[in-house]
Amino acid sequence: MSDGSLSQDEIDALLQGTDAIEMDTGAGPASSPLSDAERSSFQEMLRGVAESQGSNLSILTGKTVSIGDPSVKVRAAAELTGGPAEDVVDVRVNLTDGLQGEHSYIVPAGTAATIAGLMMGQPGGELDEASLSAVAEAFSQITGTAATAIGNQVSRMVKTAPPDLRQAKRQQIRVPQGDYAVTVDFPLSIEGFPTATITEVFSLSLAKEILSLSAGGGAFAQAGMPTGPSPAARPAQRAQAQAAVGSGFQQTFGQAFGGAAPGPSMAPPNVQPVQFANLQPAPMVSEQGNIGLLMDVFMEMTVELGRTRKRIKDILGIGEGTIIELDKLAGEPVDILVNHKLIAKGEVVVIDENFGVRVTEIVSQIDRMNELA
């Protein structure tokens, strides 16, 4: 009521002991901690990194992974722990440098198990310590991509803490401090598996700091100073600039800065070609004597029998008696490296009770340069 007195409904609510009373003060409903424009801006910022995050997960899992459009909401902290009692993995990855604040992901347990199983080559496995380590690596990659994109927006080097994972019911997840949090729901589609929804959680203070800095600086925004064109206005501004170039950049440039536009009466500038002095070949100075200063320096020499690549599940299965096949044929020359750079090839020999290598080929300078490239 506008006169400040309580209505009968408000009196009844007080008698029932509830605190969910909406006072009619004439000011209308309470405003959200983030405006519609701020939510839209935050959503666009995160949408720009979704493709890169999906590509990273595709590399890790060996499947086609796509991340859909994010949906940004402001939720009460208590609302995050509501809903059905489903099993989730609470992945806490706080921002620690450049920007500081609470940040986490809420991942359905089934989706976390799918990601871990694909990464380890054992789909359908249970969530154990090794699986959680794989999930931590996956979301460390996702967060790193987002941190880089946000850092570019705010012109800061943003770093994150190592992921801290917990298996829990949704009602037991860790929520940011404060009354509200900013959540980002996005669909995660993995080839051959049903689509799941991942929830990214930012503390309200962290989200506001990101938005303030990305707008060109909080001090300028609060003072009402211009911080650049809005995203919707940028295409029109770019078209105007291109039209200005087509119609004569000099005239537009002069008018934009308050100077007189150059007209036909102005004398053209005096342009002359640059005169460079002739280059004379410098005499070669022999520095053979300086090589002697390095003759006693030790360098690491390695003989490489061969290499191979194995999946994580194969490496974890290595034990006594396991035979590892290399990429070289029997009798093929081995590589001789100095400081990990190939310089020669040779064959393995036995000298008394030790192995040795007889050099059979010196790698050409061209081949050595290709190794460095």
Note to self: At 1.4 Å probe size, put 115, 362 in order of accessible surface, largest to smallest.
What the structure shows: 362, 115
Note to self: Going Cα to Cα from residue 345, which lysines come in below 30 Å? Please leave out same-chain ones fewer than 8 positions away.
What the structure shows: 310, 328
Note to self: Rounded to the nearest percent, how much of the accessible area of the stretch 26-113 (1.4 Å probe, protein heavy atoms only) is carbon and sulfur?
What the structure shows: 49 percent
Check: Which value, in debye to the nearest 20, describes the size of the charge dipole of the stretch 300-346 about its Cα centre when Lys and Arg Cβ atoms bear +1, Asp and Glu Cβ atoms bear -1, and nothing else is charged?
Finding: 220 debye
Item checked: Residue-normalised accessible area of the stretch 62-209, given per residue in Å² at a 1.4 Å probe -> 45 Å²
Margin query: Tell me which GluC sites (Glu not before Pro) from the stretch 324-366 have a DSSP coil assignment and no more than 10 other beta carbons within 10 Å of their own.
Written below: 325, 353
Next item on the list: Please identify every one of the GluC sites (Glu not before Pro) in the stretch 33-141 that sits in a loop by DSSP and has no more than 14 other beta carbons within 10 Å of its own beta carbon.
Entry: 86, 126
Check: So for 322, 145, what's the accessible-area order with a 1.4 Å probe, most first?
Finding: 322, 145
Check: Any idea what the alpha-carbon Rg over 2.2 N^0.38 Å comes to for the stretch 115-187?
Finding: 1.34
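The values are calculated or read from the model by the stated rules, or taken from the named source; none is laboratory data. Not measured: the values here are computed from a predicted model. No Cβ is skipped: glycine too gets one built from the backbone with ideal geometry, and neighbour counts run over all protein chains shown. The area values use the complete protein model at the heavy-atom level, side chains included, leaving out ligands, DNA and RNA. Shrake-Rupley method; radii C 1.70, N 1.55, O 1.52, S 1.80 Å.
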